[in-house]
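For reference, the structure discussed in these notes is given below.
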Amino acid sequence: MKTGMTLERLGGVNLLPIALMIVALPLIGSFSSWATLTVAGLAMGMMIFLMASGLSLVFGLMDVLNFGHSAFISFGAFIAATVLAALAAWMRADSVTLNFLALFAAIGAAALFGLVAGWFFERVIVRPVYRDHLRQILITIGALIIAEQLLLAIWGGSPLPVARPAILEGSIILGDVAIEVYRIFAFFLGLTVFVALYLTLNRTRIGLLIRAGVENREMVESLGFRIDRLFIAVFMAGSALAAMGGAMWAGYQGLISASLGGELLVLVFIVVIIGGLGSIEGSLLGALMVGLMGNYVAFIFPKLALASNMLLMLAILLWRPWGLRPAITH
Amino acid sequence: MSDYILRLDDVHTDIGQYHILHGVSLNVPEGGVYVLLGRNGAGKTTTLRTIMGLWRARKGAIVFRHHDITTLHTSAIARLGIAYVPENMGIFGRLTVEENMRLASTTGRFDETRLKRIHALFPAIERFWDKPAWSLSGGQKQMLAISRAIIEPRQLILIDEPTKGLAPAIIRAMIDAFREIAADTTILLVEQNFLFARSLGSNVSVIDDGRIAHSGGMAELAADSALQTRLLSLSLDAHQ
């Protein structure tokens, strides 16, 4: 009891990623390998957070099971790759400003697509099936299949190489530890988005409405607010974040194919489930755990790499059936 | 006609395949507490939810002042000045007491005079102002739900079984609070607790099996034990 209270005071489940890092160090044995894997895991976690946070809010606030979420990730990746290719001269220029302009143009284009496509998706695909989970699953999986076919029709079936801006190429060497610059950038971009989302949710009236809506939609309407308009805004923002995450993932992988979104969807759902529905903090925790676990297990027990995140989900759900930081528990 | 703040005319409501309200008609006068009594499952909550637009009337009309609100969206009904305190209180447990109150204010800001009045009515609201609402007791949650309903001037407050599960001391505090609130707002109160309802209501309707079985003055019902027995044990007899 006393230990539990002390742990809660220290941060409770927020300490899990740190605990995982500490446990991994002796198992890996080498500090430089551990540091490289940790940075890779944190960067990966932040990118998955971008993709998962929107889905978690959509799930929590709207009670919508959107299997089409990964279409936004895929399109975000391909749109970013196309913009980066079109701005190749800026990418290779010996100018930090041009490098970043190219990168932000790519991320911005992906996010803009996510906003517009999210609006269309909510209006046309999701709206007719609110409150009907079976139909939501069927129609959003159908939309995902169509989206993947559209990707193949537009960009072809061959994997698409993705260039990185010159400024984000290479690594920083700290003693024996080599840290990829792109990973550091991905980590800080994810962190910035998290802080922005956190402040929006906790310091603004719209955030207050979203948090209330996640708990009790009906009561928010009874207080005089149009929750359906809030739904559209959250859906659009969630889709834009997914596209942004896809754009960052494209640069991280360097080579993308139409199946990228579908492959990431499993990870994104694991993050949403272990983090707890409707919670940004839960999504961040879940994403960091998934990123770190994936990298550590692939190094320590390569044969378990594919199963590692499923095992993580199993363990967390046995311990906390509603996830680490759920916003709703019903 | 204009003396009535709310009129329900032959309202029918279905929930799924079940026909719950079978032509409810009510005339709620302006001011005071109007009580809707009835047993469990008689249609009291459905009546309030239908007024709020949370369930749609299949047939009939609901008129608030001169507005036909039968098909209006719940949020639009609330913006006309109708507050709703549901049976489960509708508290946002993860928000603080202050955040719960702030949501109920149209501008997000508080009228200090009203806030002081609420603090005087329910001191626990001030005491737990920055605490998460889930940490409140059942009675305190009910106080928060009612405080939220009166944080701005409302014309009509719909309250669903506020005494359910509360200790007698808290119920007595509720009676005092409702009397004060009813001085400048109309309350439509759904209750099973006749003693509580009798101490507040000026007018009463009894609903049974989705139909209004009686409407009249509360004094008349309170004074006539034969009528009470007939109306309030009506369903018991009918369903035996």
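The values are calculated or read from the model by the stated rules, or taken from the named source; none is laboratory data. All figures in this text were calculated on a predicted structure; none of them were measured in a lab. Using ideal geometry, Cβ is built from the backbone for each residue, glycine included, and neighbour counts are taken over all protein chains shown.
Points to keep in mind about this one:
- Qualifying residue in segment A:310-329 (condition: surrounded by fewer than 18 Cβ atoms within 10 Å (Cβ to Cβ), touching a Phe, Trp or Tyr at 6+ places or on another chain (Cβ under 9 Å) and in a loop (DSSP other than H, G, I, E, B)): yes
- Condition met for B:Arg49 (among the basic types (Lys, Arg), under 15 Å from the mean Cα position of the chain (by Cα) and assigned to a helix (DSSP H, G or I)): yes
- Neighbours by Cβ (under 6 Å, 6+ apart or cross-chain): first from segment A:191-213, within 14 Å of chain B (Cβ to nearest Cβ) and more than 14 Å from A:Glu281 (Cα to Cα); second of a type outside the set (A, V, I, L, M, F, W, C) and assigned to a loop (DSSP other than H, G, I, E, B): A:Arg205/B:Gly108
- Tabulated pairs, segment A:21-33, first in contact (Cβ under 8 Å) with a residue 12 or more places away in the chain, second loosely packed, with under 12 Cβ neighbours inside 10 Å and assigned to a loop (DSSP other than H, G, I, E, B), C-beta under 7 angstrom, 6+ apart or interchain: A:Ser32/A:Asp176
- Qualifying residue in segment A:72-81 (condition: assigned to a helix (DSSP H, G or I) and without any contact (Cβ under 8 Å) to a residue 60 or more places away in the chain): no
- Residue in segment A:221-252 that is nearest to B:Gly81 (Cα to Cα), counting only those that are part of a helix (DSSP H, G or I) and within 14 Å of another protein chain (Cβ to nearest Cβ): A:Ser222
- Conditions (1) among the hydrophobic types (A, V, I, L, M, F, W, C); (2) part of a helix (DSSP H, G or I); (3) within 14 Å of chain A (Cβ to nearest Cβ); number of the one not met by B:Leu72: (2)
- Applying the set (1) closer than 20 Å to A:Leu288 by Cα; (2) of a type in the set (S, T, N, Q); (3) in contact with a helix residue (DSSP H, G or I) (Cβ under 9 Å, 6 or more places away or on another chain) to A:Thr192 leaves exactly one unmet item: (3).
- Inside segment B:199-226, residues that are without any contact (Cβ under 8 Å) to a residue 40 or more places away in the chain, in contact with a strand residue (DSSP E or B) (Cβ under 8 Å, 6 or more places away or on another chain) and in a helix (DSSP H, G or I) make up a count of 1.
- Residues within segment A:92-108 that are without any contact (Cβ under 8 Å) to a residue 60 or more places away in the chain and either buried (at least 17 other Cβ atoms within 10 Å of the Cβ) or part of a helix (DSSP H, G or I) (or both), tallied: 6
- Qualifying residues in segment B:47-63 (those that are in contact (Cβ under 8 Å) with a residue 60 or more places away in the chain and within 14 Å of another protein chain (Cβ to nearest Cβ)) - the one surrounded by the most Cβ atoms within 10 Å (Cβ to Cβ): B:Ile51
- B:Ile77 being more than 9 Å from chain A (Cβ to nearest Cβ) and crowded, with 21+ Cβ neighbours inside 10 Å: no
- Residue in segment A:171-179 that is in contact with a Phe, Trp or Tyr (Cβ under 8 Å, 6 or more places away or on another chain) and assigned to a helix (DSSP H, G or I) present: no
- Sole residue being surrounded by 24 or more Cβ atoms within 10 Å (Cβ to Cβ), in contact with a helix residue (DSSP H, G or I) (Cβ under 8 Å, 6 or more places away or on another chain), more than 14 Å from chain B (Cβ to nearest Cβ) and touching a residue at least 40 places away in the same chain (Cβ under 8 Å), chosen from A:Leu277, A:Leu284: A:Leu284
- Within segment B:109-124, the set of residues being surrounded by fewer than 18 Cβ atoms within 10 Å (Cβ to Cβ) and of a type in the set (Gly, Ala, Ser) comprises just one member, B:Ala120.
- Odd one out for B:Thr106, checked against (1) within 13 Å of chain A (Cβ to nearest Cβ); (2) surrounded by 15 or more Cβ atoms within 10 Å (Cβ to Cβ): (2)
- Odd one out for B:Asn88, checked against (1) within 18 Å of the chain's Cα centre (by Cα); (2) modelled with pLDDT of 95 or more: (2)
- With respect to the conditions (1) in a helix (DSSP H, G or I); (2) of a type in the set (S, T, N, Q); (3) touching a helix residue (DSSP H, G or I) at 6+ places or on another chain (Cβ under 6 Å), A:Asn14 lacks only one, and its number is (3).
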